[in-house]
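Below is one structure, written out as structure tokens; the observations come after it.
The values are calculated or read from the model by the stated rules, or taken from the named source; none is laboratory data. Keep in mind that what you see is a predicted model, and the values were worked out from it rather than measured. Please note: Cβ atoms are built from the backbone with ideal geometry, for glycine as well, and neighbour counts cover all protein chains shown.
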Amino acid sequence: MRKVTIVYASDYGNTEKMAQSVADGVDSVESVSSHLVQAEEVTADDLTSSDGVIIGSPVHMGSVDWRVKKFIDTVCSGLWMQNKLNGKVAGVFVSGGGFGSAGGGCEIAMLSILNNIAELGMLIVPLPKNSPSYKSGGLHWGPYGRSADENMENVGVSDEALAVAKVHGANIARATLAVSGNIIFLE
């Protein structure tokens, strides 16, 4: 059984709903199971014992949530020094409620996390544009959930965004199966 760990932070429950949908997608793939963990609780062992990692964040001021950044700075940095995550499959998702159709900063927040994933030597799984509900909650980097309306009122993430998140989880699970045990990295 392969394991995909989903690391996330959430303020109003929107990113957590997306994390659960991602987990549902992972769990829909035979021989793969999900492990949900909040960014403040994740350990190095959570990552090293996983075959894939998916990181989700709410968007704050056009950037990544501080808890996700702290996780990257404290947990991931030591693993980077030891090359412990090389070759593992990874992906991202975010939720945002700022101005702009995706919520201000969604794409920048995804790119910020993806930069760290690449630095860790992980294999990035994008979100194909032919994914169901892509136009309502997808960017090529991954799914996003718009959590506020144009008046900045919290409306929660849409069912379409949750559907895209589930598809992304399943895609990453399938990639994890394809990659696990088939790549040898020089240390």
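The residue that is modelled with the highest pLDDT, among those in segment 112-161 that are in contact with a Phe, Trp or Tyr (Cβ under 8 Å, 6 or more places away or on another chain), buried (at least 19 other Cβ atoms within 10 Å of the Cβ) and assigned to a helix (DSSP H, G or I), is Leu114. In summary, His168 fulfils each of the numbered conditions (1) touching a helix residue (DSSP H, G or I) at 6+ places or on another chain (Cβ under 8 Å); (2) under 17 Å from Leu47 (Cβ atoms); (3) modelled with pLDDT of 95 or more with the single exception of condition (2). Looking at segment 89-98, can you tell me whether even one residue there is at pLDDT 95 or above, surrounded by fewer than 20 Cβ atoms within 10 Å (Cβ to Cβ) and farther than 23 Å from Tyr12 by Cα? Checking segment 89-98: not a single residue is at pLDDT 95 or above, surrounded by fewer than 20 Cβ atoms within 10 Å (Cβ to Cβ) and farther than 23 Å from Tyr12 by Cα. Only one of the numbered conditions (1) in contact with a strand residue (DSSP E or B) (Cβ under 6 Å, 6 or more places away or on another chain); (2) modelled with pLDDT of 95 or more; (3) within 23 Å of Asn154 (Cβ to Cβ) is not met by Gly103, and that is (2).
For first residues located in segment 62-77 and without any contact (Cβ under 8 Å) to a residue 40 or more places away in the chain, partners that are crowded, with 16+ Cβ neighbours inside 10 Å and of a type in the set (Ser, Thr, Tyr) and lie 6+ apart or on another chain with Cβ distances below 9 Å form the pairs Lys69/Ser57; Lys69/Ser112. Entry remark, segment 1-57: residues being part of a loop (DSSP other than H, G, I, E, B), out of contact with any Asp or Glu (no Cβ under 8 Å at 6 or more places or on another chain) and of a type outside the set (Val, Ile, Thr) number 11 in total.
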